[in-house]
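Here's the structure, in structure tokens; my notes come after.
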Amino acid sequence: MKRILMISTHGYFESKPSFGLPDTGGQVVFVIELSRALAKFGYEVDILTRRFEDFPQIEKVSDEVRIIRVPCDGRDFIPKEYLVKYLAELVDGFVEYCQHNGLEYEFIDSHYWDAGFVGVKLAPIFGVPHMFTPHSLGIWKKMQMQQTSVDTGVGLNNEEEVERQHNFRQRIETEKTIMSSANKVIATTPEQRDIICEKYGISEREIALTIPGFYPDKFRRMDKDTLNKAIDKYKLPPRFVLAVGRITDYKGYDLLIKAMARVVKEIPDIKLLLRIGSDRLTEEEIRKKTELLQLAESLDLVDNILFYNYVEELEAFYNAAEVFVLPSTYEPFGMVAIESMACGTPAIVTTKGGLKSFLKDGHDALLVDPLDTRALAEAILKLLKDRTLHNKLSGNGYKKVHSMFTWATIADRSLKIIKQL
Ligand code: F6P
């Protein structure tokens, strides 16, 4: 049996992902779904991640896909920015595990710079090709943060503080080393591909483009009865605008709340539902959520804003929402907007993220710069008031994502890339 090694070391990597937990987002979907899809081509797939807290060493995702957890530096969660410091231990532990269990791999596919570091170490040990998908780029993230600071006039913390939080120097250096050693670098958007060429000095021949997808069995239009039951269960309001994501500054929830102040003036009964964070918020996340609440209070919007944390049936929220908004000031891709469109809910998508390159403004979705809160409010109002536009975007968005972002297509493409290595 042919075997593939996927590596994704940060966050809470589980077969049923707990989205909203720190460092746990779209990348988990990407890795799990790509693994499942690769398995359909006759492979067994092992996903290597870090073992911490109470997670088991092995977890089955399906008959052919499993998660293998190897410990490094104790039981506590380690943020993705600093994980690399401890990964040499994980590499050694995994090599030992493979020797013990007689495991060999046909190729390695690593995700994000922490896992890329592991991939660079393991590829020569196994003597196999290494494909690296950065998902997000240190240089681009830093540039976007600086641009947002110029656009908003809100200065960034001093250089050292930014460094302390994001570890950009080490990240960018490591990304460069990984990219120049990997056999192929996988960009997830055309913009990313250009930055990998221009800023990381990788030639276009060594880069391929593979876009992320969504869970089609979960994110789809729901029948009325099932949806109504979920609406009752979660006490969802009759009309609401939805945003979904982790709690970090660059998700732009503050901008969306400001935009809602204008929307509510015209449609007083509309709610904004923020399904953000998880049921285990960190201190930092609690502080950020409190700031959002204070902002809502200062704008007299407390009755119009509802906060939800992790929910199992997120598809019901997408289905019940009238409009979905992705207001990030920085977003490597923006999977949640794809999920909402897959459920037939029209999306307003940030122009500051990777997804915009795949969407046609006014046809599949509305594209808006979230820093312009007036424009954001106008886009929301348009979709809430204009039924024809709403139906058009709902239909076109649905078709677009179901035709473009499917894992079968993505796995097929990935295998073609691998076969050429
Ligand atoms: O933290 C969740 C996550 O989705 C990762 O798994 C992903 O690759 C990453 O965000 C991107 O992070 P950043 O742009 O902050 O480096």
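The values are calculated or read from the model by the stated rules, or taken from the named source; none is laboratory data. Quick caveat: nothing in here was measured; it's all calculated off a predicted structure. Heads up, the Cβs are rebuilt from the backbone with ideal geometry, glycines too, and the neighbour counts pull from every protein chain shown. With ligands, DNA and RNA removed, areas are computed over all heavy atoms of the protein, side chains included. Shrake-Rupley method; radii C 1.70, N 1.55, O 1.52, S 1.80 Å.
Quick notes on this one:
- Neighbour cut-off at most 14 other Cβ (10 Å), DSSP loop, GluC sites (Glu not before Pro), segment 292-324: GLU312
- Put simply, the convex hull of the Cα atoms in segment 314-354 casts, on average, a shadow of 2.5 nm².
- Using a cutoff of 8 angstrom between alpha carbon atoms and counting only pairs six or more residues apart, the relative contact order for segment 165-237 works out to 25 percent.
- Relative contact order for segment 212-302, counting Cα pairs under 8 Å that sit 6 or more residues apart, in percent: 32
- Gyration tensor (alpha-carbon) shape descriptor, segment 1-128, a/c threshold 1.5: oblate
- Lys pairs, segment 224-298 - Cα-Cα below 18 angstrom, 8 or more residues apart or on other chains: 10
- Rolling a 1.4 Å probe over the protein heavy atoms leaves VAL302 with an accessible area of roughly 80 Å².
- Only alpha carbons enter this Debye calculation for segment 328-421, each as an equal point scatterer, and the log10 of I(q)/I(0) it gives at q = 0.11 Å⁻¹ is -0.36.
- Accessible area of segment 297-362 belonging to carbon and sulfur atoms, whole % at 1.4 Å probe: 45
- For segment 275-371, the convex hull spanned by the alpha carbon atoms encloses 120 Å³ per residue.
- Apportionment of accessible area to carbon and sulfur, segment 119-223, percent (1.4 Å): 48
- Nearest-10 value in Å² for the accessible area of MET222, using the 1.4 Å probe: 40
- Pairs beyond 23 Å (Cα-Cα), from LYS16/LYS176; LYS121/LYS176; LYS218/LYS360: LYS16/LYS176; LYS218/LYS360
- The listed residues ASP23, ASP194, ASP225 rank as ASP225, ASP194, ASP23 when sorted by accessible area, largest first, using a 1.4 Å probe.
- When Rg and the Kirkwood Rh are both derived from Cα coordinates, the Rg/Rh ratio for the chain amounts to 0.96.
- Given the chain, longest segment not containing exposed loop trypsin sites (Lys or Arg not before Pro) (DSSP; at most 15 other Cβ within 10 Å): 76-217
- On the principal axes of its alpha-carbon atoms, segment 188-254 has extents of 54, 31, 15 Å, going from largest to smallest.
- Rolling a 1.4 Å probe over the heavy atoms of the protein chains gives the chain an accessible area of 42 Å² per residue.
- Relative contact order (percent, whole number), segment 331-418, Cα cutoff 8 Å, 6+ residue spacing: 30
- Length added when fully stretched, SER181-GLU159, from 0.36 nm per residue minus Cα-Cα: 5.0 nm
- Solvent-accessible area of LEU209 with every protein chain in place, 1.4 Å probe, in Å² to the nearest 10: 40
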